[in-house]
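Written below as structure tokens is the structure these notes are about.
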Number of protein chains: 2
Amino acid sequence: MTSKIVDVHTHVYPPSYISLLRSREKLPYIRIFPDAPNASRLIILPGEDDPSKPSTSRGRPIGPEYWDIKEKIYFMDKHKIDISVISLANPWLDFISPEAAAETAEKTNDEIEELCEKYPGRLYAFAALPLSASSPDIIVKEIARLKSLKHVRGVILGTSGLGKGLDDEALVPVFEALCENQLPIFLHPHYGLPSEAYGPKAGESGHVLPLALGFPMETTIAVTRMIVSGIFDQFKDLKVLLAHSGGTLPFLAGRIESCIQHDGHLKKAGKLEGRRSIWEILRSNIYLDGVVYSEVGIRAAIGASGGTRVMFGTDHPFFPPLVGDEKEWLSVRTNYDAISNAFGEAKEEAEAVLGRNAIQALNLED
Amino acid sequence: MTSKIVDVHTHVYPPSYISLLRSREKLPYIRIFPDAPNASRLIILPGEDDPSKPSTSRGRPIGPEYWDIKEKIYFMDKHKIDISVISLANPWLDFISPEAAAETAEKTNDEIEELCEKYPGRLYAFAALPLSASSPDIIVKEIARLKSLKHVRGVILGTSGLGKGLDDEALVPVFEALCENQLPIFLHPHYGLPSEAYGPKAGESGHVLPLALGFPMETTIAVTRMIVSGIFDQFKDLKVLLAHSGGTLPFLAGRIESCIQHDGHLKKAGKLEGRRSIWEILRSNIYLDGVVYSEVGIRAAIGASGGTRVMFGTDHPFFPPLVGDEKEWLSVRTNYDAISNAFGEAKEEAEAVLGRNAIQALNLED
């Protein structure tokens, strides 16, 4: 018997959220442009809706794979995925008005829970938090409520936190509540880097620079800020699953550690005493998904966090087939191949990454 | 007989350049602050000279290891380095006025050549280019002149190019001249990322975020822009040695390739046809230094570019000992250990990374 395959990085925009995006007139939103009246485009990154851009550069085409859970199950079956841990896609509830935050979070999480209930044993979820609420108490209250949703196994979080990032002291009660309720964070990028980082010709390469480089660097900056600010020392039980195999954390961990050790300011501030090294944090607080599209990347992820802390993912419904009728998504095949090439004959270890690690870490039913 | 150890990433600020930095009153410069009158500080990154910052956060202390070539040789002997390929440290000549560019480049490169001549067989160099000159012809002229400098084996370049990055078409004659003269580029970061990328608490972590994350991402953005813009297809013989093991390129290569393949805009613009994959470019145009401070990083570098294209480096005189009288620099030991742990019993392959690859690729005398 082969062990199960679990996808820990797979998104949904449930129908109510899609309606919300359609009703909006600014980022994030779904828009139909007059010069391309037959295509709804999902606009989630700044500048993607610039009408002077060619229509193919404006956001991305959006269809039922974004909101119809049957499409998720169809995708899972086609790619031999037994279990998906679904999560609201970016930008989650970050943009919701403070007044509507609590209610929208409840509604969205309940809706996602209902989707999971429809397919017993196939779907679990990372819930969304009302981060824009007027007080952290509201966030903590929603975290406590998540216990009543049987398929929730953690929360998905962007890097913005309450607006100042994840090294913000105002988040202490949130981290406390997550630890208490044993809910890991799935940390996912959305904001990228300031666009001037990409140079004047960035537009000519479509979405490549923000997606391929901005997203992973955003995640790396966020988690490095958490590490340097001591959050993982304050909350030793805090578990964080990093999207896209940690952004660039596995590769840069050595450099980050070296820069911390050599920093005159941190030394003088007494912040180097008693700290755990980045390698210890990688092996006790961090999990990494396997969405890295290369054997080199998977090996680095495993080298950094260990073979029991890396978990297969697809990023569905993003990176769809290059041609409409392809049976298999190239993006998924690339991630499957990366794992099987990295492990070669070590089938058990590959199976751990493909499913067992997620089943154990997220307490899924086998 | 053990093979030689070559350091391809080791900087000098020759005496005339130090005088220049001391004479300046803005970035980049060397400054003595009134509240710390006994210490010269080297200020090379924006904001490092903010007098409201604690004195330990202002630039870095600078001593003879930055300008005295005897200190370089002493450092080499102490760390068993046979040959160093020295290069002017950032920000090179990027900030020189257009009028002074040509003369400063000649003078600096001549001075560096003289340093190499003093220690036969021990020193080679990457030359600096007058990129701020009023016309690319002046740059091309200096490239041609480099033939007369016997120890020059390439040029060091920042990511700014003529001000618009390395995907700027105005650089075509420069790349042409470099290929013609078989001079590889040593591509090195300096500008980092816009500071708002690091969040409001960035200052509390000293230089960690810009140095550990901004630098590698800058390099990755620069080389990705070169790849996407087709420069390596236009100049198939262009060789680029990337600082800090490619920034994050080995880890992100799979994601970059996937994003390129899936980009609707690049597809529509016909830019996906006939292109070489990022993996082909990594194995025919790119070299990587070994300045990555971890076994995970070295393995990824070798996985991406191959074992004959990775070359040991130290980044001297940066990342000096944590305590003044340490015999060995921790930063150097970390990079040595990374290589020896990555290769284990495969001594020949380790020796290639430690020296043989550089001797062959840069045509050094063995």
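The values are calculated or read from the model by the stated rules, or taken from the named source; none is laboratory data. This one's a predicted model, so the numbers in the text were calculated from it and none came from an experiment. When we count neighbours, we look across all protein chains shown, and the Cβ atoms used for this are built from the backbone with ideal geometry, even at glycine. Heavy atoms of the whole protein, side chains included, go into the accessibility calculation; ligands, DNA and RNA do not. Shrake-Rupley method; radii C 1.70, N 1.55, O 1.52, S 1.80 Å.
Over 19 Å between Cα atoms, which of A:4/A:347; A:268/B:78; A:80/A:347 qualify?
Exceeds cut-off: A:268/B:78.
Any chance you could check the Cα centroid distance between the stretch B:307-356 and the stretch A:234-250 for me, in angstrom?
Cα centres, the stretch B:307-356 to the stretch A:234-250: 28 Å.
Just to be sure I understand: if I project the alpha-carbon convex hull of chain B onto a plane and average over all orientations, what area do I get in nm²?
Mean projected area for chain B: 18.7 nm², to one decimal.
Which lysines, if any, have their Cα less than 18 Å from the Cα of residue B:26, not counting same-chain residues under 8 positions apart?
Partners found: B:53.
Taking +1 at the Cβ of each Lys and Arg and -1 at the Cβ of each Asp and Glu, which of B:165, B:238, B:199 sits farthest along the dipole of the stretch B:159-238 towards its positive end, judged by Cα position relative to the Cα centre?
Result: B:199, furthest along the dipole toward the positive end.
Hey, quick one: spin label on residue B:164, modelled 7 Å out along Cα-Cβ, who in the stretch B:108-149 has an amide N within reach, i.e. under 20 Å?
Taking a point 7 Å out along Cα→Cβ of residue B:164, the residues of the stretch B:108-149 whose backbone N falls under 20 Å are B:130-140.
Take every Cα-Cα distance within the stretch A:16-77, group them into 10 Å bins from 0 onward, and report for each bin the whole-number percent of pairs it holds.
It works out to 22, 48, 24, 6, 0, in whole percents.
Rounded to the nearest whole Å², what accessible area per residue is found for the stretch A:230-339 with the 1.4 Å probe?
Ligands and nucleic acids excluded, the figure is 32 Å² per residue.
Would you mind checking A:107/A:236; A:118/A:141; A:70/A:107; B:70/B:141 for any pair whose Cα atoms are more than 23 angstrom apart?
Pairs exceeding the cut-off: A:107/A:236; A:118/A:141; B:70/B:141.
Counting only protein heavy atoms, what percent of the accessible surface of the protein assembly as shown is carbon or sulfur at a 1.4 Å probe?
Reported share for carbon and sulfur atoms: 51 percent.
For labels at residue B:182 and residue B:135 in the simple 7 Å Cα→Cβ model, what's the distance in nm?
According to this spin-label approximation, the distance is 3.0 nm.
List the aspartates and glutamates whose alpha-carbon lies under 13 Å from that of residue A:150, not counting same-chain residues fewer than 8 positions away?
Straight-line reach from residue A:150, under 13 Å: A:110, A:111, A:113, A:114, A:117, A:365.
Using just the alpha carbons, could you tell me how many Å³ per residue the convex hull of the stretch B:1-156 encloses?
Here the figure is 119 Å³ per residue.
If R0 is 45 Å, what FRET efficiency do you get for residue B:345 and residue B:279 from their C-beta distance, rounded to 0.05?
Computed FRET efficiency for residue B:345 and residue B:279: 0.95.
Straight-line reach from residue B:271: which aspartates and glutamates fall under 18 Å, measuring Cα to Cα and dropping same-chain residues less than 8 apart?
Those aspartates and glutamates meeting the cut-off are A:204, B:167, B:168, B:169, B:233, B:257, B:263, B:280.
Taking a label point 7 Å out from Cα toward Cβ, give me the nm distances from residue B:363 to the same spot in the other copies, shortest first, one decimal.
6.6
Counting only C-alpha contacts under 8 Å and six or more residues apart, can you give the relative contact order of chain B as a whole percent?
In percent, rounded to a whole number, it is 17.
Along each principal axis of its Cα atoms, how long is the protein assembly as shown end to end? Whole angstroms, biggest number first, please.
78, 55, 51
Give me the three principal axis extents of the stretch B:176-231 from the C-alpha atoms, as integers in angstrom, largest value leading.
47, 20, 12
Per-residue HN-Hα couplings for the stretch B:270-284, Karplus 6.51 cos²θ - 1.76 cosθ + 1.60 at θ = phi - 60°, whole Hz, x for Gly and Pro?
x, 7, 8, 7, x, 6, 8, 5, 4, 5, 5, 5, 4, 9, 10
Tell me, what is the FRET efficiency for residue A:326 and residue B:68 to the nearest 0.05, using R0 = 51 angstrom and their Cβ-Cβ distance as r?
Working from the Cβ atoms, E equals 0.25.
So, for the stretch B:12-119, what is the accessible surface per residue at a probe of 1.4 Å, expressed in square angstrom?
I get 44 Å² per residue for this part.
In the stretch A:55-193, if the dipole is taken from +1 on Lys/Arg beta carbons and -1 on Asp/Glu beta carbons about the Cα centre, which of A:104, A:139, A:66 is farthest to the positive end?
Checked the options; the winner is A:66.
Taking both sides together, what accessible area is buried at the A/B interface, probe 1.4 Å, expressed in Å² and rounded to the nearest 100?
5800
Partner chain Cβ atoms within 10 Å, averaged over the residues of A:50-59 - can you pull that number for me?
Mean number of neighbouring Cβ atoms from other chains: 2.
How big is Rg to Rh over the stretch B:128-267, alpha-carbon atoms, Rh as the Kirkwood inverse-mean-distance radius?
Rounded to two decimals, Rg over Rh is 1.01.
Would you kindly work out, in nm and rounded to one decimal, the distances from the label point of residue A:321 to those of the same position in each other copy, ordered shortest first, with label points 7 Å along Cα-to-Cβ?
Label-point distances to the other copies, shortest first: 6.3 nm.
Taking the Cα centre of the stretch B:103-193 as origin and charging only Cβ (+1 Lys, Arg; -1 Asp, Glu), how large is the dipole, in debye to the nearest 20?
The dipole magnitude comes to about 340 debye.
If you put a point 7 Å past Cα along the Cβ direction, how far is that point for residue A:236 from the same point in each other copy, in nm, smallest first?
Those label-point separations list as 5.9 nm.
Would you mind estimating how fast the stretch B:67-201 diffuses translationally, via Stokes-Einstein at 25 °C and 0.890 mPa s with the Kirkwood radius over Cα pairs, in µm²/s?
155
Taking the convex hull of the Cα atoms, report for the stretch A:292-342 its projected area averaged over all directions, in nm².
3.6
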